[in-house]
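A short reminder: the numbers here are calculations on the coordinates, not readings from a lab. Remember, it's a predicted structure, so these values are computed and weren't measured experimentally. Here Cβ is always computed from backbone atoms with ideal geometry, including for glycine, and neighbour counts include all displayed protein chains.
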Amino acid sequence: MMNRKEEGKKEVKKEGKKEGKPVRSQPTKEKKQAKENNSSTKGTAAVKKPEKSRPKRQVKAAAEEKDDFRKLSDFYPVRRSKRQPISKLKDQETQQLREKIESKCHEGLEIREIVGKGRGVFSSRHFNRKEFVVEYSGTLISFDEAKRREAEYAKHPDKFGCYMYYFSFKNKKYCVDGTAEDGSYGRLLNHSVNGNVETKLVDVNSKPVLILIAKTDIPPDTELCYDYGERSKDIIDSHPWLTS
C-alpha cells in the first residue's frame, strides 16, 4: 500500500514524461566544485588578443633603421688614447733633465784636440733641436766673488784660461766659475758667434743651473760651439778669436 506522498510523486513523474520536459538530475559534489573553479577562472583571466604580424616591407625598413643607428665601435675596435696631459709630460721632462744634471751626463760627446784652438768638444751622435747636450758645470759664486777671482786669474794668464760665465737669476747676479779642471765637458766648448748650441738657465731645487742645449739639429762628428756673449772691447782686443 502506497501512502499519499508517494502516489503524488509518481503522478508528477508520469505527467512530466507526457509533457516532454526533461528531468534534471541532481549534480554531484565533484561537478559543483569543477563548475565553481571554471567560473572563477573565467572571470579573472585576461583575454590575450592575437598579435598582428607586420608587413614584410615594414619589417625590412625597421631593420635598416636599426642598422643606421649602430655604433662605430660595432665596425672598428675601440682604440684607447695613449696621449698624456701636457703638465704630466713637462714633469717627466723636468725629471729626466734633473737626472742628467745630477749624474753629470755627457753621453754623445767626445773631447778632441784641434790645431790652433786646443781642446774642443764634438758630437758622437745626432742631437735634436732643443735637446739637452751638457751642463756648464763649475762653482756657483756671487758676482762680487767672481770679480775678485777674475782679477786674480788675470795676474797669471798663462796658468788660467777664461772660464767665467756671468748671468742673472731672480734679479740677482751670479757666476759659474769653470776654471778648475774637474773632468767636465761643458767648460771645454769653444766660442763661435754662429754656434750650434746655446745656454739655458734651469731651476733645480731653487738653485740656478746653467746647461747647454742644441740650437739646431746637430749631426754626428760636429764640433759644438756657442756664443760666449762677450762684447767688451778690451777683452775682444785681448782675445781676437771672440769675433769669429
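Rounded to 0.05, the FRET efficiency of the residue 90 and residue 194 pair, given R0 = 35 Å and the Cβ-Cβ distance, is 0.70.
Just the number, please: Stokes-Einstein D of segment 124-218 in µm²/s, Kirkwood Rh from C-alpha pairs, 20 °C, 1.002 mPa s. Reported coefficient: 148 µm²/s. Length gained on full extension, residue 158 to residue 227, computed as 0.36 nm times the residue gap minus the Cα-Cα distance: 22.5 nm.
Give the residues of segment 164-182 whose amide nitrogen is closer than 17 Å to a point set 7 Å from the Cα of residue 206 in the direction of its Cβ. The answer is 169-172, whose backbone nitrogens lie closer than 17 Å to the label point.
The charge dipole of segment 140-197, taken about its Cα centre with unit charges on the Cβ of Lys, Arg, Asp and Glu (plus for the first two, minus for the last two), comes to roughly 260 debye.
Which of rounded, prolate, oblate describes segment 97-174, given a ≥ b ≥ c as roots of the alpha-carbon gyration tensor eigenvalues and a/c under 1.5 marking rounded, otherwise prolate only if a/b is larger than b/c? Cα axes put segment 97-174 in the oblate bin. For the residue pairs 82/215; 159/207; 90/170; 172/207, alpha carbon separations beyond 19 Å are given by 82/215; 159/207; 90/170.
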